[in-house]
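The values are calculated or read from the model by the stated rules, or taken from the named source; none is laboratory data. Here the structure is a predicted model, which is why all the values come from computation and not from measurement. Because the Cβ atoms are built from the backbone with ideal geometry, glycine has one as well, and the counts that use them run over all protein chains shown. SASA here: full protein model, heavy atoms, side chains in, ligands and nucleic acids out. Shrake-Rupley method; radii C 1.70, N 1.55, O 1.52, S 1.80 Å.
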Amino acid sequence: MHTVRRFTLRNRHLLVWDLACLLAAPTFGYWARLEGWHWAPADVRTAILYTLVAPPLKLAVFLALALYHRLWRQATLDDLRALVLAGLLSAVVGGLVGGILLPATRLAPLRVPISVLCLDAFVTMTALVLPRLAMKSRATRRARRPAGSRRALIAGAGAGGEMMAKELLGNPQLALEPVGFVDDDPAKQTLRLCGLPILGRLADIPAVVRRWDIEEIVIAMPTASGAVIRAVLQAAREAGVHTRTVPGLFEILSERVSVSHLRRVEIQDLLRRAPIWTDLDDVRGRLRDRPVLVTGAGGTIGGELCRQLATLEPSVLVLLGHGENSIFEIQRELQLLHPTLPVVPVIADVRDRTRLDRIFAQFRPVAAFHTAAHKHVPLMETNVGEAVCNNIGGTINVAQAAAAAGVAHLVLVSTDKAVSCRSTMGATKRLAELMVQHLAGEHGCDYVAVRFGNVLGSRGSVVPIFLRQLEAGGPITITHPEMTRYFMTIPEAVQLILQAGGPGEGGHIFVLDMGAPVKIVDLATDLVRLSGLEPGRDIEFRFTGLRPGEELHERLLFAHERVSPTPHPKILRIRAEGVSPDAVAAITSLVHAARQGRPEREVQLRLEEALAAS
C-alpha cells in the first residue's frame, strides 16, 4: 500500500515576505530608473503588466526549488546554493518576461528597461537572502554563549573540527563555548572557520591556553596518528587543561564505536616508536612457486604469517593446527583473498610425531614456520608437563619430521621470556631453542629461531584485556607499577619470522631491535588517553601484584650471547653455539618423562636439571 505524500508548505511568513518583495521590486526599479513618480503612460502600463506576470513565475521557481521546505536556522551550503540558484533563475525569468515576452506579444507598448530588470533582480536576491540570513544568525547567536559554559579550544581545523565547531555552536546544552582552533596546516593560519579564528599550531597550545583562558581542548582529528594525538595530550597536560577526543563520523555510523567512545586506538599508536617494515622481495624469491607449511596457523601470529605468505605466491600453503575452528576461519579468509592459491587445511597435533611425518612427507615444503605453542605464563606454571610436551616435544617433532622430509628452512618462534627462564613457559622455549640449534647442526639444515617481545594485539595479550576493561568502564588491572616489557606489532613479528635466516644461517637466533622497554602502566595510560579519557579521573588503575612465573623486567639476550648485524638494520643475529651432549640428553629425558605422564613435581625437577645442563 502506497502512502500519499501530502504537500505541506513551511515558512509561510517567508512566502508572504517574498511575494511582497517580488511585487514591490519592479516598482522600486522604475522609481529609481525614472528618478521619481512621474512616469509616462506607456511605462505605467509596462510596469503593471510586468508586475502581474513576472512575480508569480518567480514564485513558482522558488517553490520548485523547495525554498519553503528548508530549516533556515540550520542552513547549510546546500541551502545557500539553492538560494543563489533561485535568485539567478528569477533574474532570468524577469529578463525573459520584461525583455522578450511582453514586447513580442504586444501586451506592453515598451520593453522593460535593462536597468529596471537589474534593479528588480538585485532587490529580489536581497529579499531572499536577508531574512534567511537573519534567521540563521539569530539561531547561532542565541547558542554561542550559554551560561556556565567552559571555554574550549578545538585541535584540528579540518572537516572534523568544522563539524565539532558547528555542533558546539548549535547546542548550548553541551556547555562548551568554542573559542578557536589550532592546526598545523600553514595555509590555515590566521584564517577563520565557522566564524572562529585559527589561533596557531598544535605546538602553540600552551600559549593559546594561557592567552585565551581555555578550560578544555577538544581533539577533532579522528584520522591523526597516535604520535600527533599523544603530542596534543602532552601539551594539554602541560597547560593543565582537560581534553576530549572525538571519533570519525564514519566510525560512529558504521557502529565500530559509539558516541560515548572517543577515539579508536590503533595498535601502532601504543608503540612509542616508528613501526619497522622490511622488504620481502628476497623472501619471495625463496618461497615463490614452492610449498610452505605453517604450524599453529589458526593463532594470532600463525594467521598473520599465513596472510603475508599468501602474498608471496607459494605453490601451496599448508595450514596446520590443532583447533578446527581457527583453521577453518583462516582457510576461508585466504580463499576469499587469494582464490587462485591452493590452501590446504590440516588438523593435527605437533605432539603426534607419526602424523607429522606423514604430513611433511606428503607436501615436502621448502620452508616450515613453527608457531604452535602454549604461551600463557601463569597457566603453564600449573601445567608443566603439558608445556614440556607441546613447547619442547612438539618442536623436536616438527624439526625431525622436517629434516626427514628434506625441508631446507625451519623457523621456530621463541620469546624473550626464554632469556630469564624464571617461568615454565620461558624455560620450555629456551630448551626448544637449544634443540633447534642441535638438530640444525646434526642434520646440516638451515633451522633457526626468532625471539619475540610481547606482541601487541595478539590473543590473550595485555592490550585486548585493557580494551575490554576500558569498554566496561574500568578498572584497568596492572600487575605492578614498575613492570616493563618489550613490544612489537603483529606485522613486525611476522616480518621478523619471514626475514629470519637464509642459506647457511642454521642454528642462529634472530631478534628485533624493539627500542627501549615500555612500562605496562605507561602503555595503559596511553591507551586510556588516546581513547579520550583521563586515568584516575575517568578510569581507575588497580595493581594486582606479580603472578606465578612473572617478573618485573625482561631481556632479549643472555649475558654470554653476542649479536651481529644482518642486512636489515633492525634485525640482529645471535650466533649459534654448540649444545653439549649432556644438555641434549637432559632435554630428551625431560620430554620422555612428560610424555609418560610423570608427576608434575618430577617433571619440574627434570626441567630445572635440563636448564642447569644447558
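Here are the criteria: (1) under 30 Å from Glu162 (Cα atoms); (2) touching a helix residue (DSSP H, G or I) at 6+ places or on another chain (Cβ under 6 Å); (3) open to solvent by 30 Å² or more (accessible area, probe 1.4 Å). Tell me which single one Ala32 does not satisfy.
Evaluating Ala32 over (1) under 30 Å from Glu162 (Cα atoms); (2) touching a helix residue (DSSP H, G or I) at 6+ places or on another chain (Cβ under 6 Å); (3) open to solvent by 30 Å² or more (accessible area, probe 1.4 Å) leaves (1) as the failure.
Show the residue pairs meeting these rules: Cβ distance below 9 Å; 6+ apart or different chains; first residue within the range 219-238 and farther than 16 Å from Ile205 by Cα and touching a residue at least 12 places away in the same chain (Cβ under 8 Å); second residue in a loop (DSSP other than H, G, I, E, B) and of a type in the set (Asp, Glu).
Ser225/Glu266; Gly226/Glu266
Go through (1) at pLDDT 60 or above; (2) open to solvent by 70 Å² or more (accessible area, probe 1.4 Å); (3) more than 26 Å from Leu512 (Cβ to Cβ) one by one and return the number of the condition Phe250 breaks.
It is condition (1) that Phe250 fails.
What's the number of the condition Val366 fails, among (1) modelled with pLDDT of 95 or more; (2) in contact with a Lys or Arg (Cβ under 7 Å, 6 or more places away or on another chain)?
All conditions pass for Val366, except number (1).
Please give the number of the condition Gly180 fails out of (1) of a type outside the set (Ser, Thr, Tyr); (2) touching a strand residue (DSSP E or B) at 6+ places or on another chain (Cβ under 7 Å); (3) open to solvent by 30 Å² or more (accessible area, probe 1.4 Å).
With respect to (1) of a type outside the set (Ser, Thr, Tyr); (2) touching a strand residue (DSSP E or B) at 6+ places or on another chain (Cβ under 7 Å); (3) open to solvent by 30 Å² or more (accessible area, probe 1.4 Å), Gly180 is out only on (3).
Hey, could you check the range 81-132 for residues that are assigned to a loop (DSSP other than H, G, I, E, B) and not β-branched (Val, Ile, Thr) and say which is surrounded by the most Cβ atoms within 10 Å (Cβ to Cβ)?
Ala108
Inside the range 518-533, can you point out the residues that are within 22 Å of the chain's Cα centre (by Cα) and open to solvent by 40 Å² or more (accessible area, probe 1.4 Å)?
Asp522, Arg529, Leu533
How many residues does the range 385-426 contain that are more than 36 Å from the chain's Cα centre (by Cα) and of a type in the set (Gly, Ala, Ser)?
11
Within the range 440-449, identify whether any single residue is in contact (Cβ under 8 Å) with a residue 12 or more places away in the chain, buried (at least 18 other Cβ atoms within 10 Å of the Cβ), closer than 29 Å to Val528 by Cβ and out of contact with any Leu (no Cβ under 6 Å at 6 or more places or on another chain), and answer yes or no.
no
Kindly indicate whether any position in the range 564-586 is in contact (Cβ under 8 Å) with a residue 40 or more places away in the chain, within 30 Å of Gly474 (Cβ to Cβ), open to solvent by 90 Å² or more (accessible area, probe 1.4 Å) and outside any helix (DSSP H, G or I).
Scanning the range 564-586 turns up no residue that is in contact (Cβ under 8 Å) with a residue 40 or more places away in the chain, within 30 Å of Gly474 (Cβ to Cβ), open to solvent by 90 Å² or more (accessible area, probe 1.4 Å) and outside any helix (DSSP H, G or I).
Could you list, in sequence order, all residues of the range 540-588 that are modelled with pLDDT of 80 or more, over 29 Å from Val462 (Cα atoms) and either of a type in the set (D, E, K, R) or out of contact with any Asp or Glu (no Cβ under 8 Å at 6 or more places or on another chain) (or both)?
Matches in the range 540-588: Val579, Ser580, Pro581, Asp582, Ala583, Val584, Ala585, Ile587, Thr588.
Read through the list (1) touching a strand residue (DSSP E or B) at 6+ places or on another chain (Cβ under 7 Å); (2) part of a helix (DSSP H, G or I); (3) aromatic (Phe, Trp, Tyr), then give the number of the only condition that Phe360 fails.
(1)
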